[in-house]
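What follows is one structure encoded as structure tokens, with my remarks underneath.
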Amino acid sequence: MNLLDINDSPGAYPGTYYAAHAQPLENCAPVEGEVRCDVCVVGGGFTGLSTALHLAQRGYEVRLLEAQRIGFGASGRNGGQVGQGQRRDQDDLEQMFGKDRAHALWQIGTQAVELVRGLSTSDLIQADFHPGILHADHRARFVDHSQAYVEKMHRDYGYDDIRFVPKDEIGGIVASPAYHGGTLDTRSGHIDPLQLALGLGRMAQSHGAGLHEGSRVTHISGGQKPVLHTEKATITADHLVLACNGYIGDLQGDVTRRVMPINNFIIATAPMDADRQESILRGNIAVADSKFVVNYFRFSDDHRLLFGGTESYGYRFPKDIAAKVRPAMAEIYPQLSDVQVDYAWGGTLGITMNRLPHFARYDGNILSISGFSGQGVALGTLSGQMAAEAIAGQAERFDIMSQIPTPRFPGGKAFQHPLLILAMLWYSLRDKL
């Protein structure tokens with residue numbers, strides 16, 4: 001089973017709303033022959049593209065190899081939410097690593113959002129950054145923690161761009177009875193993810209990076225100079241960056257044992273007029289709720305509701321994705337139960353046991369970055385910048401992330417999938433309680 005093509009056609013973007021409105025990159029022919037470069041990057045998502053961009057800006061000769069199309073994977077299919085911090089709250093990080101390390105991780109997470117905000121101003125990105133993410137509590141018992149968390153972020157982190165949203169206000173923002181309160185972060189935001197990925201690709205090309213689609217890596221030989229093999233080429237590099245996330249497969253067994261692929265699904269409704277959009281979700285913000293199997297939603301620039309979530313117990317996408325996601329949307333928005341759905345798609349992301357990214361060095365000159373667990377728009381983009389810094393000899397930020405221990409999933413590769421099914425069933429049940 002190969003996740004690169006089990007649900008998708010080779011060489012073609014999936015039928016997402018994003019792909020229907022995007023212009024693919026030019027000059028991305030498959031790599032051929034004997035190739036030599038300073039750095040080879042595997043994976044054409046946020047991390048790989050950002051790595052290629054920031055290395056090319058430093059004058060390195062870079063080749064990026066993407067098995068399918070640039071932005072084909074989770075980077076071009078996700079909900080587009082650009083969130084502050086890490087995937088875990090600062091409360092959790094302080095308990096896990098202590099206050100000093102938690103503050104360092106928060107700083108990296110805020111730098112990630114600022115990087116995306118800054119990149120979005122480039123004419124090559126062709127996507128606007130819209131501020132605001134509401135984290136909505138689907139259970140009343142979570143509201144006290146949300147209020148206390150805002151106070152903590154103000155007091156301990158000097159972060160004043162987050163505020164508590166009480167019960168009597170949240171219904172006026174999200175026209176739904178589903179939520180009891182939450183937090184609104186106005187430095188976070190949302191963006192068209194595929195346009196961001198393609199824009200990073202254009203920027204990398206403008207600085208001389210070579211991007212190659214249809215270039216699936218079949219084998220890697222480590223050593224002083226890593227050698228990569230594709231169907232048509234052999235690439236020798238001084239440094240290698242693995243930016244494969246949920247599609248790592250068997251290219252690096254240690255990563256495979258620590259990063260597990262899971263599927264998630266999104267639908268896009270027919271366009272609505274601006275007044276109706278405002279009546280459904282005020283202020284053009286994004287929303288992510290407190291469920292473990294998160295519901296997340298926002299509006300596109302042409303006034304479509306993009307609604308994502310629901311769990312997956314297998315690696316094949318369901319035949320009718322819209323039918324799978326629509327009930328979750330109708331639970332939040334009963335008034336949209338009969339709305340027309342124009343697009344429905346699935347995607348594969350990478351998760352870790354602790355929901356924090358997995359940064360690692362292998363053989364000294366091989367870097368691997370993956371496992372963003374749903375926080376990859378911002379952190380994935382910054383991770384590429386950090387990989388470039390590390391290769392250039394400035395590894396402080398990379399080392400902060402690589403020192404986070406990433407536990408292996410129990411049971412080995414053969415039992416990962418059955419254990420994932422049990423875990424998702426349990427957390428799905430817990431969300432309903």
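Applying the selection to segment 218-252, what residues are acidic (Asp, Glu) and under 14 Å from Asp363 (Cβ atoms)?
Answer for segment 218-252, where residues must be acidic (Asp, Glu) and under 14 Å from Asp363 (Cβ atoms): just Asp238.
Restricting attention to segment 115-147, which residues are out of contact with any strand residue (DSSP E or B) (no Cβ under 9 Å at 6 or more places or on another chain), in a helix (DSSP H, G or I) and of a type outside the set (Asp, Glu)?
Within segment 115-147, Leu115, Gly118, Leu119, Ala140, Arg141, His145 qualify.
Return the residues of segment 353-372 that are in contact (Cβ under 8 Å) with a residue 40 or more places away in the chain and surrounded by fewer than 23 Cβ atoms within 10 Å (Cβ to Cβ); say none if nothing qualifies.
Once the filter is applied, which keeps residues that are in contact (Cβ under 8 Å) with a residue 40 or more places away in the chain and surrounded by fewer than 23 Cβ atoms within 10 Å (Cβ to Cβ), segment 353-372 yields Met353, Asn354, Arg355, Ala360, Arg361, Tyr362, Asp363, Asn365, Ile366.
Among the listed residues Ala29, Ala74, Ala52, Ala20, identify the single one that is more than 26 Å from Glu231 (Cβ to Cβ) and either among the charged types (D, E, K, R) or out of contact with any Cys (no Cβ under 8 Å at 6 or more places or on another chain) (or both).
Ala20 is the lone residue from the list that is more than 26 Å from Glu231 (Cβ to Cβ) and either among the charged types (D, E, K, R) or out of contact with any Cys (no Cβ under 8 Å at 6 or more places or on another chain) (or both).
Could you grab me the full set of residues in segment 276-297 that are open to solvent by less than 10 Å² (accessible area, probe 1.4 Å) and in a loop (DSSP other than H, G, I, E, B)?
Asn295
Look through Ile266, Ile280 and report the one residue that is of a type in the set (A, V, I, L, M) and touching a Lys or Arg at 6+ places or on another chain (Cβ under 8 Å).
Ile266
Starting from residues that are part of a helix (DSSP H, G or I) and without any contact (Cβ under 8 Å) to a residue 40 or more places away in the chain, keep the ones in segment 161-185 and report whichever is surrounded by the most Cβ atoms within 10 Å (Cβ to Cβ).
The selected residue is Ile170.
Among Arg117, Arg77, Arg88, which is the only one that is touching a residue at least 12 places away in the same chain (Cβ under 8 Å) and open to solvent by less than 20 Å² (accessible area, probe 1.4 Å)?
Arg77
So, Met272, is that one touching a residue at least 24 places away in the same chain (Cβ under 8 Å), closer than 30 Å to Asp302 by Cα and part of a loop (DSSP other than H, G, I, E, B) or not?
Judged against the criteria, Met272 is a match.
For a quick check of your reading: which strands (runs of 3 or more DSSP E) sit entirely within segment 298-403 and have at least 3 residues that are of a type outside the set (Val, Ile, Thr) and touching a His at 6+ places or on another chain (Cβ under 9 Å)?
366-370
Provide a single number: the residues in segment 186-229 that are in a strand (DSSP E or B) and either closer than 16 Å to Leu49 by Cα or open to solvent by less than 10 Å² (accessible area, probe 1.4 Å) (or both).
7
The values are calculated or read from the model by the stated rules, or taken from the named source; none is laboratory data. Every value quoted in this text rests on a predicted model; they were computed, and no experiment measured them. Cβ coordinates were reconstructed from backbone atoms using ideal geometry, including for glycine residues, and neighbour counts include every protein chain displayed. Just the protein is used for accessible areas: all its heavy atoms, side chains included, with ligands, DNA and RNA removed. Shrake-Rupley method; radii C 1.70, N 1.55, O 1.52, S 1.80 Å.
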